[in-house]
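The values are calculated or read from the model by the stated rules, or taken from the named source; none is laboratory data. Worth saying up front: this structure is predicted, and the values here are computed from it rather than measured. With ideal geometry, Cβ positions are generated from the backbone for all residues, glycine too; neighbour counts draw on all protein chains shown. Just so you know, the surface numbers come from the protein's heavy atoms only, side chains and all, with ligands and any DNA or RNA stripped out. Shrake-Rupley method; radii C 1.70, N 1.55, O 1.52, S 1.80 Å.
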Amino acid sequence: MGDACRGLCLGLAAAVLGLALAQPAQANPVLLVEADTGRVLDQKEAGRPWHPASVTKLMTVYVALNAVKNGRLTLDTPLTVSAAAASQQPSKMGFKPGTVVTLDNAMKMVLVKSANDMAWVVGEGVAGSMPAFVAEMNTTAAHLGLSGTHFENPNGLPDPDQITTARDLAILARAIIYHFPEHEALFRIPAIKIGKAVLRNYNRLIDRYPGADGMKTGFVCGSGYNLVATATRGNKRLIAVILGARSGTARTEQAALLFEKGFQSSWGVFGSAQPLLSNISNTGGPAYDMKPEVCGGKRAVTASEADDESEGSSGGFAFAAPVLPKSGAELLQTLPPSMPPVVVYVGTRGAPQDLASAYPEEEKPKKKPGAKDTKQAKTSAGSESASAESGDGAKPAAKPKPKTAAKPATATASTSGDKPASDKPASGTAQKKQVQPQAPVTAGSVPAPKPKPKPKPAETPAESTAPAPKPAT
């Protein structure tokens with residue numbers, strides 16, 4: 001009897017072990033870093049490969065701002081929507097080919113609406129062609145020390161070769177803060193207004209978590225819900241990276257809890273021996289696939305970037321300190337708007353284009369003229385429906401051809417892509433026909449500047465070393 005029981009117990013144990021091994025790994029890399037020092041306050045699997053989704057657009061905007069700083073173009077440079085840009089999957093503005101937007105307006109649409117078509121427009125406008133721009137993205141990544149990052153497109157639409165890590169994204173966030181302090185307001189715009197439609201930022205920390213001041217969300221089924229966020233209190237600015245959350249609400253609450261931990265002066269996972277970002281090693285290997293977990297058939301609603309579905313928890317964070325809340329939801333509130341919705345438009349600053357003319361004929365509403373702007377913006381630019389940011393369920397974004405070198409090693413951020421590649425870009429001529437403005441419109445001109453210490457800009461970002469240390473070899 002004892003032998004039979006022993007055999008049965010061993011069999012059950014083996015079955016339980018096999019079932020446990022068959023379950024997907026608990027995959028949710030997180031990272032909390034001090035912006036000024038690069039000290040790591042908390043991290044979990046920060047070097048694990050992950051699909052960046054629309055967090056990719058932080059690099060797209062970094063490369064564009066670097067081109068502005070180097071004089072290659074201005075914020076008011078007119079960019080033309082190409083057929084390739086117009087064909088990108090949602091989330092997008094939906095403008096038809098030939099529509100003109102300024103670089104400044106395009107970047108605001110990229111960062112707030114997460115518009116995939118505008119990210120493509122920015123890339124073609126900055127580098128002349130998409131292959132040249134993707135090469136510049138990867139050159140810049142290598143220059144900044146993002147050893148676990150590779151890009152195939154400027155918007156983060158699904159591509160198996162588009163990967164990053166929480167470590168690399170924190171380095172990129174620090175580079176943005178210190179290289180472009182004059183453009184910091186771009187990353188904390190709570191909403192944009194186009195026509196009569198107001199489009200809210202997908203980063204739900206802005207105007208809900210005290211001190212939140214950036215940066216970008218991302219979602220595709222393969223990545224889950226990603227977020228790179230910044231927040232400032234007093235003289236302390238923190239960067240939080242959340243990858244692979246199960247919902248938009250979960251990533252927001254996880255970030256809020258991470259920030260709250262970081263702002264507690266007596267709190268620290270590592271005690272006095274806090275490592276730097278350079279101490280984190282990228283592990284390599286394939287990126288984890290979140291699709292079965294966030295886009296599987298058992299979800300009550302279709303996953304999308306606009307998802308604010310509550311999951312009843314904040315991703316498993318639990319703290320013993322009695323001063324910290326049990327849920328990130330307790331940290332979120334409705335704050336007074338930090339700034340009014342920022343107006344964006346088509347056309348140039350000196351010659352705005354009629355918004356109705358920017359949309360394809362079949363998408364124009366056949367309603368009363370008074371509802372034209374609102375209806376069109378909601379139809380083509382503001383629809384927060386399923387796959388709102390990701391483009392999942394559609395074909396992956398087309399890779400630019402000819403394919404560029406995968407991972408440049410030493411070139412600086414400003415040395416690649418000044419001229420179009422050998423293939424003729426659909427909208428590359430926009431750069432040659434620049435209309436020089438009287439004065440560029442900057443994001444910093446928006447009211448209600450946020451009180452916080454100004455970061456120390458690098459002397460020349462294109463020529464100097466990035467603020468974060470070089471990666472471990």
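Mind listing whichever residues of segment 58-74 are open to solvent by less than 10 Å² (accessible area, probe 1.4 Å) and not polar (S, T, N, Q)?
So in segment 58-74, the residues open to solvent by less than 10 Å² (accessible area, probe 1.4 Å) come out as 58-67, 73.
Matches in segment 58-74: 58, 59, 61, 62, 63, 64, 65, 67, 73.
Can you list residue pairs whose Cβ atoms sit under 6 Å apart, with the first residue in segment 105-124 being touching a residue at least 12 places away in the same chain (Cβ under 8 Å) and the second being assigned to a loop (DSSP other than H, G, I, E, B) and open to solvent by 10 Å² or more (accessible area, probe 1.4 Å)? Count only pairs 6 or more apart in sequence or on different chains.
Listed by first residue and then by second, the contacts come to 115/92; 116/88; 116/92; 117/88; 117/92; 120/88; 124/425.
Those residues that are in a helix (DSSP H, G or I), within 20 Å of residue 151 (Cβ to Cβ) and not β-branched (Val, Ile, Thr), I need them from segment 53-88; list them, please.
53, 54, 57, 58, 59, 62, 64, 65, 66, 67, 84, 85, listed by residue number.
Residues are listed down the side, and each one gets a yes or a no for (1) touching a Pro at 6+ places or on another chain (Cβ under 9 Å); (2) within 30 Å of residue 354 (Cβ to Cβ); (3) aliphatic (A, V, I, L, M):
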{"position": "182", "(1), (2), (3)": "yes, no, no"}
{"position": "206", "(1), (2), (3)": "yes, no, yes"}
{"position": "226", "(1), (2), (3)": "yes, no, no"}
{"position": "240", "(1), (2), (3)": "no, no, yes"}
{"position": "257", "(1), (2), (3)": "yes, no, yes"}
{"position": "264", "(1), (2), (3)": "no, no, no"}
{"position": "275", "(1), (2), (3)": "no, no, no"}
{"position": "284", "(1), (2), (3)": "yes, no, no"}
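Quick one: residue 247 ticks every box in (1) surrounded by 24 or more Cβ atoms within 10 Å (Cβ to Cβ); (2) among the hydroxyl-bearing types (Ser, Thr, Tyr); (3) closer than 18 Å to residue 296 by Cα bar one, so which box is it?
So the condition that residue 247 fails would be (1).
Just checking, how many residues over segment 218-266 are aromatic (Phe, Trp, Tyr) and in a helix (DSSP H, G or I)?
Residues of segment 218-266 that are aromatic (Phe, Trp, Tyr), as a first pass: 219, 225, 259, 263.
Of the ones still in play, those that are also in a helix (DSSP H, G or I) are 259, 263.
Total satisfying the criteria: 2.
List the residue pairs whose Cβ atoms are under 8 Å apart, where the first residue sits in segment 226-249 and is closer than 15 Å to residue 176 by Cα, the second is basic (Lys, Arg) and part of a strand (DSSP E or B), and the two are 6 or more positions apart or on different chains.
Matching pairs, first to second residue: 228/216; 230/237; 231/237.
Looking at 238, 243, 258, can you tell me which residue is within 16 Å of residue 29 (Cα to Cα) and in contact with a helix residue (DSSP H, G or I) (Cβ under 7 Å, 6 or more places away or on another chain)?
Numbers: 238 fails: within 16 Å of residue 29 (Cα to Cα); 258 fails: in contact with a helix residue (DSSP H, G or I) (Cβ under 7 Å, 6 or more places away or on another chain).
Answer to the check: 243.
Collect the residues in segment 40-57 that are on the phi > 0 side of the Ramachandran plot and open to solvent by 10 Å² or more (accessible area, probe 1.4 Å), keeping them in residue-number order. Before you say what the answer is, go through the steps one by one.
In the first step, residues of segment 40-57 are kept if they are on the phi > 0 side of the Ramachandran plot; the result is 45, 53.
The answer is 45, and nothing else.
For the subset of segment 95-107 comprising residues that are open to solvent by 10 Å² or more (accessible area, probe 1.4 Å) and assigned to a loop (DSSP other than H, G, I, E, B), which member is nearest to residue 200 (Cα to Cα)?
Going residue by residue through segment 95-107, those that are open to solvent by 10 Å² or more (accessible area, probe 1.4 Å) are 96-98, 100.
With assigned to a loop (DSSP other than H, G, I, E, B) added as a condition, the list becomes 96-98.
Numbers: 96: 23, 97: 25, 98: 26 Å.
If we take residues in segment 95-107 being open to solvent by 10 Å² or more (accessible area, probe 1.4 Å) and assigned to a loop (DSSP other than H, G, I, E, B), then 96 is nearest to residue 200 (Cα to Cα).
Among (1) at pLDDT 95 or above; (2) open to solvent by 10 Å² or more (accessible area, probe 1.4 Å), there is one condition residue 18 misses while meeting the rest; what is its number?
(1)
Residue-wise test of (1) open to solvent by 10 Å² or more (accessible area, probe 1.4 Å); (2) more than 27 Å from residue 158 (Cα to Cα).
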position: 188; (1), (2): yes, no
position: 196; (1), (2): yes, yes
position: 203; (1), (2): no, no
position: 210; (1), (2): yes, yes
position: 224; (1), (2): no, no
position: 227; (1), (2): no, no
position: 243; (1), (2): no, no
position: 251; (1), (2): no, no
position: 258; (1), (2): no, yes
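Which count do you get for residues in segment 125-170 that are touching an Asp or Glu at 6+ places or on another chain (Cβ under 7 Å) and of a type in the set (Lys, Arg)?
Matching residues across segment 125-170 total 0.
Test residue 170 against the criterion of being in contact (Cβ under 8 Å) with a residue 60 or more places away in the chain and open to solvent by less than 10 Å² (accessible area, probe 1.4 Å), and give yes or no. Full working, then the answer.
Working: in contact (Cβ under 8 Å) with a residue 60 or more places away in the chain: yes; open to solvent by less than 10 Å² (accessible area, probe 1.4 Å): yes.
Yes: the conditions hold for residue 170.
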